[in-house]
Amino acid sequence: MDGSAEDSLHLVEALSKVITEFPPDHAKRALEALCLPLITPLQEVVSQGPDTLNSKPTVI
């Protein structure tokens, strides 16, 4: 695993530990605040269909 992938994994692990300590309602809001900014652009790309996905360069 390269450095950036390992860093991402550590960040996700740390956030999951913090969020599991929240009361359930707060955890839900925290996950939404964290994930929605990432999900919305992803949904836009996916909704454009596979031809658009195949024509975009891969960014790693």
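Before moving on, here are some points about what is shown:
- With the simple spin-label model, which puts each label point 7 Å out from Cα in the Cβ direction, the Val45 to Glu32 separation comes to 2.5 nm.
- Point-to-point label distance, Ile19-Ala5, nm (Cα→Cβ direction, 7 Å offset): 2.2 nm
- Summing Lys and Arg as +1 and Asp and Glu as -1 over all other residues whose Cβ lies under 15 Å from the Cβ of Ile19 gives a net charge of -1.
Taken together, the values in this text are just the output of simple stated rules run on the coordinates, not laboratory data. Please read these numbers as outputs of a predicted model, since none were measured by experiment. Please note: Cβ atoms are built from the backbone with ideal geometry, for glycine as well, and neighbour counts cover all protein chains shown.
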